[in-house]
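What follows is one structure encoded as structure tokens, with my remarks underneath.
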Amino acid sequence: MGHAILTPNIVLRAYRGSEDHPAMNAVANAVRAFNGDPDLSTIADFDNYYAHFDHADLPRDCAIVEIDGRPVAYARTSWEEMSRGGRRVESVTFVHPAAHGSGVEERLVDHALRRAETLIAAIGRDHRTEIMVFVSGRDAALIDLVETLGLVRARRDAQLVRSTLDDIPDLPLPAPFEVRPITQGDGAMHRRVFDADARAFADAYGQAAPSEQQFEAFIGSPSFSPALWRVAFDGDAIAGQILNYLGDAERDGTVIGWTESITVQAEYRRRGLARALLAESLRAVRDAGATSAALGVDTQNPNQALTLYESLGFRIVSESFEYRLGPFPPGATPRLPRVSIP
């Protein structure tokens, strides 16, 4: 994909690799801050994430919009094998709040849908497919656009924060479980933890099938912190886990402790294990220097995860939405909505 001059000052161009990561990171963090989302990324996060895509031709599937030569937005389209069968084309779009409603959204969504159309023709011959577009909760122009195009809101995701790490409840681990430390050098255990996470989420909505690329991204992440993990065992079996890590210190000295990847294997649910592990995780990140805690959740999780987190003091601070087209049967060649470019 070469340069395509769309107006005298707006240009849609191809992703150029890691040289674009600083600008993309700045746009993504501006969107998150506007949305109230505390989960800010770093350039190192971008480097790791973009180095480990399973199914994306990034120079064609990732597009950046510049206004007067300055990157203000980007969109990326890729596809995943789903753990419950079928394949899903996913598009994420980040538009700097200063560029909302300028016509940037139309250009990126048009690009994403054209790439999705091409991908479905390639990957959907023998598979059911669907398209998912992810939208931050406060980008009203983008929400209006995708709804006008006929995409249906399928899911609401949220970020939650526990603003203080005082008054953490004392919730003993139920029998027969025990938490064992995981070291930075224990590669075999890192693999077991990754596989346990995939197994616990295998039947979850929107879960991609695990891959070696995902594992490499997992262990290569700047936030990879096994010493902070809380992994519960029943004998030698992993029963549940929370893969905690610390965010970067803010200018005012505050630090978020992220209590993420909260999983309990199906055979161990309804015993209070997740609640006890989360209380233990709050203490772990507090003792490591965190001043607050945060996590993300699918608000429609059938295991009532949102209710659990709110009962332990977490409160919603931001939301995002997943919009769907499809599913399309194997062999379908859908003609997707066309976007009118202003």
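The values are calculated or read from the model by the stated rules, or taken from the named source; none is laboratory data. Note that the structure is predicted; figures quoted are calculated from it, not measured. Please note: Cβ atoms are built from the backbone with ideal geometry, for glycine as well, and neighbour counts cover all protein chains shown.
Could you go through the range 193-213 and let me know if any residue there is in contact (Cβ under 8 Å) with a residue 24 or more places away in the chain and more than 26 Å from Ser83 (Cα to Cα). No: zero hits.
Checked against the criterion of being over 19 Å from Thr259 (Cβ atoms) and buried (at least 18 other Cβ atoms within 10 Å of the Cβ), the range 170-178 contains not a single residue that satisfies it.
Return a yes/no flag: does the range 266-283 have any residue that is touching a residue at least 12 places away in the same chain (Cβ under 8 Å) and either under 30 Å from Ile131 (Cα atoms) or within 16 Å of the chain's Cα centre (by Cα) (or both). Yes, the range 266-283 has at least one match.
Set side by side, the residues Ala202, Ala217 differ, and just one is among the aliphatic types (A, V, I, L, M), within 18 Å of the chain's Cα centre (by Cα) and modelled with pLDDT under 95, which is Ala202. Residues that are of a type in the set (Ser, Thr, Tyr) and under 19 Å from Gly17 (Cα atoms) number at least 3 in the following strands (runs of 3 or more DSSP E) confined to the range 66-137: 70-81.
Being without any contact (Cβ under 8 Å) to a residue 60 or more places away in the chain, over 23 Å from Asp298 (Cβ atoms) and exposed (fewer than 13 other Cβ atoms within 10 Å of the Cβ) is the requirement here; does Asp166 meet it? Answer is yes for this residue.
Matching residues to (1) loosely packed, with under 15 Cβ neighbours inside 10 Å; (2) over 26 Å from Arg156 (Cα atoms); (3) modelled with pLDDT of 95 or more; (4) out of contact with any Pro (no Cβ under 6 Å at 6 or more places or on another chain):
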residue: Gly187; (1), (2), (3), (4): yes, yes, yes, yes
residue: Pro222; (1), (2), (3), (4): yes, yes, yes, yes
residue: Gly240; (1), (2), (3), (4): no, no, yes, yes
residue: Glu250; (1), (2), (3), (4): yes, yes, no, yes
residue: Ala274; (1), (2), (3), (4): no, no, yes, yes
residue: Ala279; (1), (2), (3), (4): no, no, yes, no
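Examine the range 20-29 for a residue that is charged (D, E, K, R) and outside any loop (DSSP other than H, G, I, E, B), and state whether such a residue exists. Yes, there is a match, as at least one residue in the range 20-29 is charged (D, E, K, R) and outside any loop (DSSP other than H, G, I, E, B). Of all the residues in the range 215-271, those that are in contact with a helix residue (DSSP H, G or I) (Cβ under 8 Å, 6 or more places away or on another chain) and outside any helix (DSSP H, G or I) number 26.
Residues are listed down the side, and each one gets a yes or a no for (1) surrounded by fewer than 14 Cβ atoms within 10 Å (Cβ to Cβ); (2) among the small types (Gly, Ala, Ser):
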| residue | (1), (2) |
| --- | --- |
| Ala290 | no, yes |
| Gln300 | yes, no |
| Ala305 | no, yes |
| Phe314 | no, no |
| Ser318 | no, yes |
| Phe328 | no, no |
| Ala332 | no, yes |
| Arg335 | yes, no |
| Ile341 | yes, no |
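Listed conditions (1) in a loop (DSSP other than H, G, I, E, B); (2) in contact with a helix residue (DSSP H, G or I) (Cβ under 7 Å, 6 or more places away or on another chain); (3) within 23 Å of Ala294 (Cβ to Cβ); (4) of a type in the set (S, T, N, Q) are all met by Thr183, apart from (3). Scanning the range 144-168 for residues that are part of a strand (DSSP E or B) and either more than 22 Å from Ala33 (Cα to Cα) or among the hydrophobic types (A, V, I, L, M, F, W, C) (or both) returns Val152, Arg153, Ala154, Ala158, Leu160, Val161.
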